[in-house]
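The values are calculated or read from the model by the stated rules, or taken from the named source; none is laboratory data. As the structure is a prediction and not an experimental result, all values here were calculated from the model. Here the Cβ is made from the backbone with ideal geometry for all residues, glycine too, and neighbour counts use every protein chain on show.
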Amino acid sequence: MILAGDLGGTKANLGLFDIKAGKLVRVADRRYATHQHSGLEEITSDFLNGAGAKITAASFGIAGPVVNNRVQATNFPWVVDGASVASHLHLNHVRLVNDVEAAAYGIGVLEPGELERLHPGVPSPRSTQIVIAAGTGLGEGILFWDGHRHVPMATEAGHADFAPNTSQQADLWKFLNTRQECVSVETILSGGGFQRVHEFLNPGVRHPGFDDDGEDPAPEITRRGLSGECPVCAATLDLWVEIYGSEAGNLALRTMARGGIYIAGGIALKVLPKLKNGKFVAAVRHKEKLESFLVQIPIHVVLNEECPLLGAASVAWKNL
C-alpha cells in the first residue's frame, strides 16, 4: 500500500493507494488544515489510525525547496525531514519532492478528460513542458524531455521579481512596492493577490473579509467578479489572469517549452471562465519577440485538483 501526500500552505491532502491493472487506485483519503497541526508525523498517525493497512512506500509533495530530502515549508511552519518520516512510518526511505514537481509527475498519470484545452497549438510531445500552479502560493515547474521521457524539475520561480509589461501593471508594482520591499510574482499570483489587486484598482470598494485576518476574501472577489455584480472584482480577475498568462509565457520562453503549458493549482478551476475567454492565451504570447514560437505551444488546464497527490503516489510507486 502506498501513502502519498500533497502538503501546501492551506491544506494537506493524504491518500492511500493500491495498484490494480497497472494503475494507481485510491482507497482512502483525507484533508487536513495545515495550520491546525504540528507536522507531517502527526497527521500521518491520525490518518493511518485504524486503517489496518501496511505501508510499503511513501512520498510527499511539499510547498518549499527540497534540499537533502528535507524541506522548510514556504507558507506554513513545518520542517519535514524524509529520514524522520521514514522512521515514523517504519520504512527504509521516504521521498520528498516539491509540490509542483509532484504535480508534474501527476500530469503523466492523468486521464484525457482531466485536462481542459485552452489553446491547441501544434503538439510536440517530445519537447520540454512547463507547469504553473497558483494557489496559496505560486509554483512553477519544468518537465525536461531527456530523450526518453519527461523528467520533472522543481523551481522557486514564484519568488522571482514581478515583471510588469504594461503601464497598468507598472502602476500595480509601484502600489505594492509602497507596502513591501520586494514584489515577487507570487505577491500577485496567489490567493492573497486577489485582494491586493482589488485594492490597487479601487481602494474605496471593500467587501466582507478584507479586514478579517481569519477570512479569505478571494472566493468572494471571484464570485462577484464572475457574476459581474462587482465591476472592481471583474476587473481584478481580468488583470490577475492577464498577469498569470504573462508569467506563463515568461516561463515558456525561459525553458523553450515547446511541449506545452499546464496550468494547475486550485485557483485555475475557480477562475476557469476567465482563463477560457482568450485573455490568458493572448498574454502568454504578448512578448517582445518570438510570438510565432509561443503561438505553437499547446495550453491545458489541469481539472483534477489532486494531480499533485497522484504525482506523489506515482513517485513512491515507481521509485522515481
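Looking at PRO120, PRO65, just one residue is assigned by TED's automatic domain parsing to the domain that holds GLU186 and surrounded by fewer than 18 Cβ atoms within 10 Å (Cβ to Cβ), and that residue is PRO120. Restricting ASN98, ASN68, ASN49 to residues that are among the polar types (S, T, N, Q) and within 20 Å of the chain's Cα centre (by Cα) narrows the list to ASN98.
The rows are residues; the columns are (1) closer than 16 Å to VAL100 by Cα; (2) out of contact with any helix residue (DSSP H, G or I) (no Cβ under 6 Å at 6 or more places or on another chain).
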{"residue": "GLY265", "(1), (2)": "yes, yes"}
{"residue": "ALA268", "(1), (2)": "yes, yes"}
{"residue": "GLY278", "(1), (2)": "no, yes"}
{"residue": "VAL281", "(1), (2)": "no, yes"}
{"residue": "ARG285", "(1), (2)": "no, no"}
{"residue": "LEU290", "(1), (2)": "no, yes"}
{"residue": "HIS300", "(1), (2)": "yes, yes"}
{"residue": "LEU303", "(1), (2)": "yes, no"}
{"residue": "GLU306", "(1), (2)": "yes, yes"}
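Remark: ASP81 matches the filter, which requires a residue to be acidic (Asp, Glu) and over 19 Å from the mean Cα position of the chain (by Cα). One residue alone among THR155, THR187, THR166, THR178 is polar (S, T, N, Q), more than 23 Å from the chain's Cα centre (by Cα), surrounded by 14 or more Cβ atoms within 10 Å (Cβ to Cβ) and assigned by TED's automatic domain parsing to the domain that holds VAL131, and that residue is THR166. The residue list ALA252, ALA282 contains one member that is under 22 Å from PRO164 (Cβ atoms), more than 20 Å from the chain's Cα centre (by Cα), at pLDDT 95 or above and of a type outside the set (Val, Ile, Thr), which is ALA282. Specify which of the listed residues (LEU226, LEU237) is assigned by TED's automatic domain parsing to the domain that holds ILE267, surrounded by 18 or more Cβ atoms within 10 Å (Cβ to Cβ) and closer than 16 Å to GLY266 by Cβ. LEU237 is the lone residue from the list that is assigned by TED's automatic domain parsing to the domain that holds ILE267, surrounded by 18 or more Cβ atoms within 10 Å (Cβ to Cβ) and closer than 16 Å to GLY266 by Cβ. Of all the numbered requirements in (1) in the same structural domain as GLY139 (by TED's automatic domain parsing); (2) among the β-branched types (Val, Ile, Thr); (3) under 22 Å from VAL100 (Cα atoms); (4) touching a residue at least 60 places away in the same chain (Cβ under 8 Å), VAL295 misses one, and that requirement is (3).
What are the residues in the stretch 127-149 that are in contact with a Lys or Arg (Cβ under 9 Å, 6 or more places away or on another chain), touching a residue at least 12 places away in the same chain (Cβ under 8 Å) and surrounded by fewer than 21 Cβ atoms within 10 Å (Cβ to Cβ), if any? Residues satisfying the conditions are SER127, THR128, TRP145. Of the candidates ASN250, ASN304, the single residue that is polar (S, T, N, Q) and either outside the structural domain of GLY193 (by TED's automatic domain parsing) or touching a Gly at 6+ places or on another chain (Cβ under 9 Å) (or both) is ASN304.
Taken over the stretch 159-199, the residue count meeting the criterion of being small (Gly, Ala, Ser) and farther than 19 Å from LEU237 by Cα is 1.
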